[in-house]
Amino acid sequence: MSDRITLKAGDGTVAVVAASGAEPVSWQVGGREYLWSGDPAHWNRHAPWLFPVVGASSGGMVRVDGTAYPMGQHGFARDLPFAIVSQSDDSVTLRLEDSEATRAHYPYPFRLDITTRVGPAHLDFEIWIENTGEAPLPYALGFHPAFPWPFADGERRAGGGYAVEFEHPERAMAPEVGEGGLLLRQERPFPLEGRILPLDPDMFAEAIVLRDAASARMRFTAPDGSAIRMNVSDFPHLAIWTKPTAPFLSLECWTGHADWSGFEGDLTRRDSQRLLAPGQRARHGVSLTLEGPRS
């Protein structure tokens, strides 16, 4: 990857690929890797950014003023090249702007800036979305990082000592996911114990989606007391995902989510889609921190 950008601060190192959606592809602390490898046998991504939609769109399309535009799962930003705006030893700002390619799917002017900054044991992201057009900008933003499971001691199995800990107690119900990744109005329970979700690979036939979560923090905890903590700013929805046989766990944060099954309305009416006024900017933030013992 010729445009792999490496940032360092103390024991922390991160690699970001500008040509592939500004995606972080490695996060090491003390020489140990804490981002998923991207093994295509399980999932060929590491930590993609999702824009201008999150999740599936009904019929693989979004509708704007009566015209249908093709829109893939999680939007297009994760597959497009970003330009370097600024760079230092420990940070880089990358930019995606509307183009002929984006307007074939999303007929809006926009600017998306993502700043990645590494510290000795943390990784911070600041995201700015700007409406550079003359009409309201409907958008959703998401971050979809995956981490090795296990990342410390213990095993990837029920009772293996791994859990997700939330900042506050959450509802132990999540929307069912239907055909094509669309959300259903029916809900299913998941085995949350107050703020703690003990992890079992077999519970992940589909993602666990927490709409309008009470928490702005999740911790992926290991039996030795170490944890990968995710703090978010202005991401109201959280999700946890893996595949039953894949050795990773993804902690996700979203401003929007997949279409409800049967929705065929305008993109501006999509549930949880944000509307940004002309000339306005919106800021979102994510921070990953490695906590506790490590060798």
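The values are calculated or read from the model by the stated rules, or taken from the named source; none is laboratory data. What you see is a predicted model, and the numbers here were worked out from it, not measured in a lab. Counting neighbours? That spans all protein chains shown, and the Cβs are built from the backbone with ideal geometry, glycine included. When the accessible area is computed, the model is the full protein with side chains, heavy atoms only, and any ligands, DNA or RNA have been set aside. Shrake-Rupley method; radii C 1.70, N 1.55, O 1.52, S 1.80 Å.
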Exercise. Which of (1) open to solvent by less than 10 Å² (accessible area, probe 1.4 Å); (2) at pLDDT below 95 is the odd one out, the single condition GLY142 does not satisfy?
Worked result: (2)
For this session: Tell me which residues, restricted to region 69-83, are of a type in the set (A, V, I, L, M, F, W, C) and surrounded by 14 or more Cβ atoms within 10 Å (Cβ to Cβ).
Result: MET71, PHE76, ALA77, LEU80, PHE82
Exercise. For region 12-27, how many residues meet the condition of being assigned to a strand (DSSP E or B) and more than 17 Å from ALA227 (Cβ to Cβ)?
Worked result: 9
For this session: Tell me, yes or no, whether region 138-149 has at least one residue that is hydroxyl-bearing (Ser, Thr, Tyr) and over 17 Å from ALA77 (Cα atoms).
Result: no
Problem set entry | Test: ALA135 is at pLDDT below 95 and open to solvent by 40 Å² or more (accessible area, probe 1.4 Å) | no
Exercise. If the Cβ limit is 9 Å and pairs must be 6+ apart or interchain, which residue in region 75-89 that is farther than 16 Å from PRO24 by Cα pairs with which residue that is part of a strand (DSSP E or B) and acidic (Asp, Glu)?
Worked result: VAL85/ASP113
Problem set entry | Residues within region 42-63 that are touching a residue at least 12 places away in the same chain (Cβ under 8 Å) and surrounded by fewer than 16 Cβ atoms within 10 Å (Cβ to Cβ), tallied | 3
Problem set entry | Check on ALA22, closer than 21 Å to ALA152 by Cβ, surrounded by 14 or more Cβ atoms within 10 Å (Cβ to Cβ) and within 15 Å of the chain's Cα centre (by Cα) | no
For this session: Could you tell me which residue of region 251-271 is farthest from GLU130 (Cα to Cα), considering only residues that are in a loop (DSSP other than H, G, I, E, B) and touching a Pro at 6+ places or on another chain (Cβ under 8 Å)?
Result: ARG270
